[in-house]
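Worksheet: the structure to be examined is printed underneath.
The values are calculated or read from the model by the stated rules, or taken from the named source; none is laboratory data. Being a predicted model, the structure only gives us computed values, none of them experimental. So basically every Cβ, Gly included, is an ideal-geometry build from the backbone, and we count neighbours across all protein chains shown. Just so you know, the surface numbers come from the protein's heavy atoms only, side chains and all, with ligands and any DNA or RNA stripped out. Shrake-Rupley method; radii C 1.70, N 1.55, O 1.52, S 1.80 Å.
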Amino acid sequence: PEFRELADYSVFDYDNYFVIKGNPDLKRAKNSNADLRYEWFPGVGEIVSASIFYKQFTDPIEQTNLGNDVLSYENADQATVYGGEFELRKRLDFIQSGFLRQLTVYMNAAYIKGSVTFGGKDIRSPMQGQSPYLLNGGLSYSGRANNFSVNLLYNRIGPRLRFRAVSEGALNVFEKSRDVLDFQVSKKLIGGKFEIKLTLSDLLAQPTAWYYKFGTDLSNIKYNSREDKIISSVRSGTTGTVSLKYSFE
């Protein structure tokens with residue numbers, strides 16, 4: 001455990017409107033890992049890989065919801081996590097086109113399952129904060145002749161248990177899945193000494209939403225608009241930055 005998780009005092013989280021309270025009785029968490037990975041590098045800057053993994057946790061630390069807007073930390077008894085991951089990064093220089101030959105595509109996907117024993121009860125759910133799947137993708141253009149580059153990045157995280165209830169299932173707090181799209185374009189000038197860059201983060205600007213899923217069955221934590229209750233929804237918006245860099249080399 002970290003110091004802030006052990007400290008026996010309360011702090012108000014102004015971003016999320018919760019009181020965070022430490023637990024001096026936390027024990028050290030331990031885990032064992034097993035991974036099997038295959039990698040193939042078909043060309044410069046390219047990769048194709050696949051992996052499977054298994055993790056066994058003893059006394060994992062989870063952030064818990066004590067009710068009345070108070071969060072703390074507890075040791076679960078044990079937990080297991082297993083899944084697989086696939087990654088691909090490929091240049092499109094095999095296509096006979098001046099533009100397409102400068103493109104690189106990227107994707108990464110992970111599927112994760114697991115279970116937790118908490119308070120002597122075997123709960124068929126992911127660990128607190130763990131998503132059942134992760135998706136990443138990207139498209140990159142790099143024009144060496146004109147010193148011009150463009151990057152488009154996509155990310156999606158599956159629904160996850162944000163805070164686990166210590167006693168009642170109604171106090172479990174979940175976070176909705178969310179799509180994130182980022183864009184960046186840059187241009188080098190005057191022999192590459194100057195670089196101007198435009199970055200747009202979170203173009204879709206989907207809200208970060210938390211919800212209650214009543215009941216103790218956590219086999220399906222996906223948000224259901226007819227049954228689940230949204231308790232917090234924050235839309236941060238899109239962020240744009242422009243930077244100018246000069247290299248003295």
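Some notes on this structure:
- Only aspartates and glutamates eight or more places from Lys213 in sequence, or on another chain, were considered; those with a Cα closer than 13 Å are Glu168, Glu175, Glu227, Asp228.
- Protein heavy-atom accessible surface, 1.4 Å probe, per residue over the chain: 61 Å².
- Taking a Cβ cut-off of under 12 Å around Arg235, the surrounding Lys, Arg, Asp and Glu residues balance to a net charge of 0, with basic ones at +1 and acidic ones at -1.
- For the pair Asn136 and Thr238, a Förster radius of 25 Å applied to the C-beta separation gives a FRET efficiency near 0.85, rounded to the nearest 0.05.
- Cross-link check: pairs Lys55/Lys113; Lys113/Lys229; Lys193/Lys245; Lys21/Lys229; Lys188/Lys245; Lys55/Lys176 evaluated at a Cα-Cα cut-off of 19 Å; pairs beyond the cut-off: Lys113/Lys229; Lys21/Lys229; Lys55/Lys176.
- Fraction of accessible area attributable to carbon and sulfur, the stretch 153-249 (%, probe 1.4 Å): 53
- Values (i) 1, 6, 13, 17, 20, 18, 14, 8, 3, 0, 0; (ii) 1, 5, 10, 12, 13, 14, 12, 10, 8, 7, 4, 2, 0, 0; (iii) 1, 6, 14, 20, 21, 18, 12, 5, 2, 1, 0, 0, 0 are given for comparison; P(r) over Cα pairs in 5 Å bins from 0, in percent, derived from the coordinates here, is the one labelled (ii).
- Enclosed volume per residue, in Å³, of the convex hull spanned by Cα atoms of the stretch 22-148: 169
- The helix-based estimate of mean residue ellipticity at 222 nm for the chain, built from -39,500 (n - 2.57) per DSSP H run of four or more residues and divided by its residue count, is 0 deg cm²/dmol to the nearest 500.
- Positive-end extreme of charge dipole, the stretch 31-73 - chosen from Phe41, Gln56, Leu66 (charges on Cβ): Phe41
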